[in-house]
Structures are given as C-alpha cells and as structure tokens.
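The next block holds one structure in the form of structure tokens; read it before the comments.
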Amino acid sequence: MNPLLAEALWQADDLTRAALGDDCPVRSRPSKRGTVANAAPQALGLEVAELAKRMDLAGSWFQKVEAEGGYLNFFPALAWYNAAVEQLPPAGPEAALPTLDVEFPAAIHPADWVFWQALRGTDPDPALTARQDAANPGWLVRYTAQRLADLEPRASAALDWTAERRQLLWTLAQLPQEGNRRRMAGYLLVLAREIWDIGPQTLPLALNRYGQAALRAGLRQILAENCHKMQ
C-alpha cells in the first residue's frame, strides 16, 4: 500500500475519533469510488450528515467529507494525488523466471503459467496460457508493463488530474502487501485492465512510471513466492 494512502486512512480514523470520542472503534478503508470511508457513526446510531458538517479537515489530506448511506466519505485533496504519485513501490531485483517441472509448448511463458496458478489455484489450460492476447491474464500483465515502458519516453510530464486518472492512482495506491499470491494476481489483472480502459498512451509520465512499478513489483512477488512444483 502507498504510504500516503495508509496515512490518509489513519487521518480519517483520527478525525472520526476526535468528533466521536477517543474510545470510538474506527476502521477506515479505501472505497471503490476513490474515497476513504468508515461506518463508525452509523454503528453508534449517530446522525452521520450532521457529523460530516462539523468535521475539521485543516492540515489533513482531505478536501471534504460527505455522508452517504450511513458512511463518512473523505475525499482526498489535490495535494494528496500530487504527493502520492511520487511514492513508487520499491524497485527490487528483476523478477527471476521459475524453473518448472512440467512439459508444455515453448510458446508458453513460465511467468504466465505461474500467474495463472496464483490467480486460480490450478494448472491452466496450455492452449490458453500460450495465447498472446488479453485472454491470457499473465500475458496481459506482462505486456501492460512492457507497453508502459515503451511509451515512457513519449509520455508528457504535465499532470492533469482527470477523474479517471485519480481513480487509477487510487487503484495503484492499493498495491497489496506481500504474502497473498492470489490476491496480488487478482489485483494486477484488475490494474492492467483499468490501464487499458484509460489508454496507456494517454498516461502522463508520473502515472506511467507508477503503473510500471506496481505491475513489476506485483509480478516479482508472485514469482518469488512460487514454491509449488508442477506435476
């Protein structure tokens, strides 16, 4: 997880506790809509809309807080996006390809086979894993990272935070921690598809580099944690 996303979650917790009392149990989380959300006021039977109006956001990463469906939703300020996009995942060593004890066509990339195992928990169909298109999830993740690298020299340094770019950074910031290969594989597949929905050629330089870093870091983790022998 991006350290500034973690900091924003802590801030939302602290702001909510300050408004409700130090003993209030709070656990904020990233929402799919690009906000930090928590339901502590709803759980305590309090008027969420009124509480949102009283929230003091001075000195925080948030520009506003709104009540919706019983939840407090904290909206990150522009300053958060400008700072968070610079917090790239650690580079780490280049991902080592696994040696697999299984016979399959040479057209299959070993990383694609391992990616499918991490994603589904089973050996894939060799015909599917040999495909060089979006139907092969491992290939899509690898190709997306490579495509971003190819586009990097032509990417614009200007950073205009459109709604879809903010949403992409929000997804990038949620790169999972180590230890869960299946969750990481699912995250990488969602991320690659989101990048293609936006168009990798449209990404400014900072987002291009963040996308590369996240995809490569996640794939490196999956390959490093591959301890299963193919039968």
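The values are calculated or read from the model by the stated rules, or taken from the named source; none is laboratory data. Note that this is a predicted model, so its numbers are computed, not measured. Every residue, glycine as well, gets a Cβ built from its backbone with ideal geometry; the counts of neighbours run over all protein chains shown. Note: accessible area is taken over every heavy atom of the protein model, side chains too, but ligands, DNA and RNA are not part of it. Shrake-Rupley method; radii C 1.70, N 1.55, O 1.52, S 1.80 Å.
Okay, here's what the table says:
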| quantity | calculated |
| --- | --- |
| For the chain: rounded, prolate or oblate by the Cα gyration tensor [a/c cutoff 1.5] | prolate |
| Among G138, G70, G211: highest mean-square fluctuation, GNM of the chain, C-alpha pairs under 10 Å | G70 |
| Global form of the range 169-231, assessed from the alpha-carbon gyration tensor, a/c cut-off 1.5 | prolate |
| Total formal charge among the other residues, if their Cβ is under 10 angstrom from that of G92, Lys/Arg +1 and Asp/Glu -1 | +1 |
| Furthest towards positive pole of dipole, A158, Q146, A127, structure part the range 79-213, Cβ charges | A158 |
| Carbon + sulfur, % of accessible area of the chain - ligands and nucleic acids excluded, 1.4 Å | 50 |
| Most fluctuating residue given options P137, P153, P30, as computed from a GNM of the chain linking Cα atoms under 10 Å | P153 |
| For the chain, built as a Gaussian network whose Cα springs stay under 10 Å, the top-fluctuating residue of A91, A40, A192 | A91 |
| Förster radius 41 Å - calculated FRET efficiency between R154 and Q87 (Cβ-Cβ, nearest 0.05) | 0.95 |
| Net charge of Cβ neighbours under 13 Å - reference A79; Lys, Arg +1; Asp, Glu -1 | -1 |
| Charge tally in the Cβ shell below 12 Å around L148, where Lys, Arg are +1 and Asp, Glu are -1, L148 excluded | +3 |
| Longest site-free stretch - the chain; sites: GluC sites (Glu not before Pro), DSSP loop, at most 15 other Cβ within 10 Å | 104-177 |
